[in-house]
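Just so it is clear, none of the values below were taken in a lab; they were calculated from the coordinates. Everything numeric in this text was worked out from a predicted model, so none of it was measured. So basically every Cβ, Gly included, is an ideal-geometry build from the backbone, and we count neighbours across all protein chains shown.
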Amino acid sequence: MTSTIRRADELTRRRFMSRTAQGLLGVGLLPASSWAQDLASGSGNDLRRKPTARNVIYLYMSGGMTHLDTLDPKPGHENGGPVKAIPTSADGVMISEYLPLLAGHMHKAAIVRSLTSTQGAHQQGNYLMHSSYNPRGTITHPGLGAWLCKLDGHTNRALPGFIRLGGNSRGGGGGFMESQYQPLVLGGAGQGLANSVRPEAISEQDYNDRLMLADAFDESFHGKFGGQKAVHAQKAIYDDAVKLMKSEDLKAFDLTQESEAVREEYGENGFGQGCLLARRLLENDVRFVEVNLGGWDTHSNNFPAVAGRAATLDQAISALFADLTRRGMLDETLVVLATEFGRTPRINGNNGRDHFPKVFSCMLAGGGIKGGTAYGLTSEGGDDILEGKVTVPDFNATIAAALGLPLDRVVHSPSGRPFTIAHKGRPITELLG
């Protein structure tokens, strides 16, 4: 951005502001209760419950995390392969030997072992998990972070309410919602927020003069067309970019302010540092932070690949639980561990596992979740759901319910079509405090 601003006199005002903004912003589930009955009947009574969580850290395992080798091991069965099960701090709950550090925190978490998806391809499964809707060519649906900010508001007026680290899901962003609900997308945690500091070569007075000149150039245009949504949204992006550049909260992105010991605790890798950044952002009143860990698409050599991915996850998520607990933040922070589908219980000829949307596992922790439990029951070989089937919209409705969001609140797309946060999903109330 330094060279761009130094050439600002040669650039048009619109190109300068556009580059600035782009660099900054990237621009048996329900018991018998009146609340449950209203939800089932779709009465439209603004259904919500008292929130037990305020913010979300959403850890997404991109590629399809194998349930048998992580959260629902099947030792002794041929489908289980060589993976052993180990006891955890939750009485009677066993998880994979690949997650020994997480095992010590399972009393804080609830595994959902009976998830099922209707989508078995990565892009479609990823989209459904993030948005609760199947992809359509004519519309992009919002993700949970956008819904949270839309229905419950921002807290920090300088920082975006929704930030994503890595990953690429067409259904995980702001979708059809207005510009203020779009996520700030960062490529990596250690890079800080690019192009967010005014170069020393440009004085503050010169910078403010250029902003005033830009406003003057736009005055007649906005006077004529400012009522149009697209024009208003574009101006809002520029205003937010400038506000963020001047905010003291930019320090939240600077991981060098953390001690070396803390950074090492999370793991010196992109995902671990992303989890650390997520905690820092929540401390600065960001509402929803998603951190992605890829590499779970294990069609071949499943076991060594999963062992490596699980080691990265294990260190980071256990450090996150410990850190949030130390700081008194876990009670108001919902930590979600999610993926688009599971992997085939039967091991293929390449010693791998293929896509398996029929059964998979995810996890919820903190934020009022009743920890120390595993919800749902799968078959001996992990290839079928025996009890407590949970759809993707049900899982997302559980997250929304923990946040106290109204499950039947209708938001219309620009074309006038009605949508709700979890697309008729019903929350797993047994897991909610």
For the residue pair residue 264 and residue 248, what label-to-label distance in nm results when each label sits 7 Å from Cα along the Cα-to-beta-carbon direction?
3.2
Mind giving me the FRET efficiency for residue 178 and residue 122? R0 is 45 Å, r the Cβ-Cβ distance, nearest 0.05 is fine.
0.95
Amide H partners (placed H, <5 Å) of residue 185, local residues excluded
164
Positive end of the dipole of region 347-387, charges at C-beta (+1 Lys, Arg; -1 Asp, Glu), about the Cα centre: which of 349, 381, 359 has its Cα farthest in that direction?
359
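Using unit Cβ charges (K, R positive; D, E negative) and no other charged atoms, how large, in debye to the nearest 20, is the dipole of region 362-421 about its Cα centre?
Working: 4 positive and 6 negative charges, 88 e Å.
Around 420 debye, computed over region 362-421.
Which of 149, 275 has the fewest other C-beta atoms within 10 Å, and how do the rest follow up to the most?
On the way: 149 24, 275 28.
Fewest-to-most ranking of 149, 275: 149, 275.
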Under a 5 Å amide H to amide H cut-off, with H placed in plane at 1.01 Å, what residues pair with residue 339 once short-range neighbours are removed?
61
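Arrange 148, 101 by Cβ neighbour counts within 10 Å, fewest through most, would you? All intermediate terms of the calculation are to be shown ahead of the outcome.
Values: 148 26, 101 16.
Least to most surrounded, the residues fall as 101, 148.
In this model, which of 108/251; 251/370; 108/424; 50/150; 50/358 are farther than 23 Å apart at the alpha-carbon? Spell out each step's value before the answer.
Values: 108/251 30 Å; 251/370 34 Å; 108/424 28 Å; 50/150 18 Å; 50/358 32 Å.
Pairs exceeding the cut-off: 108/251; 251/370; 108/424; 50/358.
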Can you compute 3J(HN,Hα) from phi for each residue in region 72-85, using the Karplus curve 6.51 cos²θ - 1.76 cosθ + 1.60 with θ = phi - 60°, rounded to whole Hz and x for Gly and Pro?
9, x, 10, x, x, 9, 4, 5, x, x, x, 6, 8, 9
